[in-house]
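Asker: Sharing a structure here in structure tokens format.
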Amino acid sequence: MQILFLGAPGAGKGTQCKRLSARLKAPHLSSGDLLREAVKCGSAAGIRAKEFMDRGVLVPDEVLIAMFREKLQAPECGKGFILDGFPRNLAQAESLDALLLDINKNLTVVINLQVDDDLLMERICGRRVCANKSCAMPFHVKFAPPKKEGFCDACLAELMTRSDDKAELVSARLQTYNEQTAPLIDYYQTRGLLKTIDGNGDQEAIFAELLKAVQVPA
Ligand code: AMP
């Protein structure tokens, strides 16, 4: 199955994609995680991406397109994948169409995780993530607190806040989403691929809806 997720920052895409990835045994390709990884290891793409990420605006399309061209052709994507955060504008969506055509694949379904604006800010600002890269378990100070404050339940490493989850950058990221990414809802609706899920509720209920949408038994 080839699944694509749309949703504003804070909609819960990362959390739901990780769960779905474990259930389907399909790789979860998060553009944000891949870019942060590239920044951390100081690759040419990472050095280029950092100045845009620090401002909460989109990294140039060609960086993402090259990154996903390589990822989608890797053997681990042979039986399916879950795309999270790419494409993020019309040009990227058209490039993805061309890329999928090249490798003889298509999208099975596009999930639009819809969350009300006032909840997005609260969700983003309370987000924490395990600093241990190989764990990276997500938490939230209010909605999914760790058992011991500041530490990961799974591996006991410290939790951190993403640098772009600070309040001053969040409105820029939400504006970028509304202006550039939200038009993709229509793009995929027109192609008959879109399924919208209400992402305002609790994680379990949303995951149950998601399984129904991708037609996987609960
Ligand atoms: P995310 O973790 O998905 O919120 O992404 C964090 C940041 O990475 C965004 O604010 C952008 O600067 C950048 N980014 C992620 N995905 C893309 C994309 N598809 N196109 C351009 N920039 C992206």
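A short reminder: the numbers here are calculations on the coordinates, not readings from a lab. Every value quoted in this text rests on a predicted model; they were computed, and no experiment measured them. Counting neighbours? That spans all protein chains shown, and the Cβs are built from the backbone with ideal geometry, glycine included.
Residues checked against (1) surrounded by 13 or more Cβ atoms within 10 Å (Cβ to Cβ); (2) charged (D, E, K, R); (3) out of contact with any Asp or Glu (no Cβ under 9 Å at 6 or more places or on another chain):
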| residue | (1), (2), (3) |
| --- | --- |
| PRO87 | yes, no, no |
| ALA93 | yes, no, yes |
| LEU101 | no, no, yes |
| ASN104 | no, no, yes |
| ASP117 | no, yes, yes |
| LEU120 | yes, no, yes |
| ASN132 | yes, no, no |
| MET137 | yes, no, no |
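Asker: Another question about this same structure. Could you give me the residue pairs with C-beta distances under 8 Å whose first residue belongs to region 151-165 and is free of Cβ contacts under 8 Å to residues at least 12 places away in the same chain, whose second residue is surrounded by 14 or more Cβ atoms within 10 Å (Cβ to Cβ) wherever it lies, and which are 6+ apart or on separate chains?
Answerer: Filtered contacts from region 151-165: PHE151/ALA157; PHE151/LEU159.
Asker: Only residues that are under 27 Å from ARG19 (Cβ atoms) and either near the ligand (Cβ under 7 Å from one of its atoms) or out of contact with any Pro (no Cβ under 6 Å at 6 or more places or on another chain) (or both): list them for region 78-91, please.
Answerer: GLY78, LYS79, GLY80, ILE82, LEU83, ASP84, GLY85, PHE86, PRO87, ARG88, ASN89
Asker: Within region 130-140, track down each residue that is over 19 Å from GLY199 (Cα atoms) and touching a helix residue (DSSP H, G or I) at 6+ places or on another chain (Cβ under 9 Å).
Answerer: LYS133, ALA136, MET137
Asker: Considering each residue of region 66-84, count those that are exposed (fewer than 13 other Cβ atoms within 10 Å of the Cβ), hydrophobic (A, V, I, L, M, F, W, C) and not in a helix (DSSP H, G or I), and give that number.
Answerer: 1
Asker: Going by the structure shown, is VAL63 closer than 17 Å to ALA182 by Cα, within 9 Å of the ligand (Cβ to nearest atom) and either surrounded by fewer than 22 Cβ atoms within 10 Å (Cβ to Cβ) or over 13 Å from the mean Cα position of the chain (by Cα) (or both)?
Answerer: Against the criterion (closer than 17 Å to ALA182 by Cα, within 9 Å of the ligand (Cβ to nearest atom) and either surrounded by fewer than 22 Cβ atoms within 10 Å (Cβ to Cβ) or over 13 Å from the mean Cα position of the chain (by Cα) (or both)), VAL63 does not qualify.
Asker: Could you pull out the residue among SER163, SER134 that is of a type outside the set (D, E, K, R), within 16 Å of the ligand (Cβ to nearest atom) and closer than 17 Å to GLY14 by Cβ?
Answerer: Exactly one residue qualifies, and that residue is SER163.
Asker: While we're here: Name the single residue, out of those in region 10-48 being near the ligand (Cβ under 7 Å from one of its atoms) and small (Gly, Ala, Ser), that is surrounded by the fewest Cβ atoms within 10 Å (Cβ to Cβ).
Answerer: GLY32
Asker: Could you list, in sequence order, the residues of region 203-218 that are assigned to a loop (DSSP other than H, G, I, E, B) and either without any contact (Cβ under 8 Å) to a residue 12 or more places away in the chain or over 24 Å from ALA182 (Cα atoms) (or both)?
Answerer: Result: GLN215, VAL216, PRO217, ALA218.
Asker: Looking for something of a type in the set (S, T, N, Q) and assigned to a helix (DSSP H, G or I) - is there at least one such residue anywhere in region 85-92?
Answerer: yes
Asker: Now a separate question. Does region 94-107 contain any residue that is among the basic types (Lys, Arg) and touching a strand residue (DSSP E or B) at 6+ places or on another chain (Cβ under 8 Å)?
Answerer: yes
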